[in-house]
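The block underneath contains the structure these notes are about, expressed in structure tokens.
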Amino acid sequence: MKLKAEQVAESVTVDLARQDDQSQAALRTNLRANAGFSMTAGNTDTQDIYTDAEFMARSLQNRYTMGGFYKRSEDDNVKTEYKGLGYLKYDHFFTKKWYGVYQCHGRAG
């Protein structure tokens, strides 16, 4: 594409194919988070807590993901459930349909 303007002494040439590659190489991010809490009181007292989150960053050929969750439950001040999980994941895209994955997890509880 070629642009010409009145105030510019020379015309300017813009390579659209190159512009498209640069815009696709930009890093896109996404964050998701949830939290929940419930409590009952009466004949039995219970508490439940749940949280989870995930963060993802994506470029044209790479995607990085990290996330985790945490859950705790109590019944009459006795811990009945306690667990958590964290994870990391890396994806490399060779083509639009083919990609490789590396991931690791860590647990608590």
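A short reminder: the numbers here are calculations on the coordinates, not readings from a lab. What you see is a predicted model; the values in this text were computed from it and never measured. Here the Cβ is made from the backbone with ideal geometry for all residues, glycine too, and neighbour counts use every protein chain on show.
Using a Förster radius of 22 Å, what is the FRET efficiency between F55 and A26 based on their Cβ-Cβ separation? Nearest 0.05, please. Display every interim value, and only then the final one.
Values: r = 17 Å, r/R0 = 0.77.
Efficiency, rounded to the nearest 0.05: 0.80.
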Note to self: Once you place label points 7 Å from the Cα toward the Cβ at K71 and S38, how far apart are they in nm?
What the structure shows: 1.2 nm
Margin query: I need the fraction of alpha carbon pairs in the range 48-109 separated by more than 20 Å, rounded to a whole percent.
Written below: 44 percent
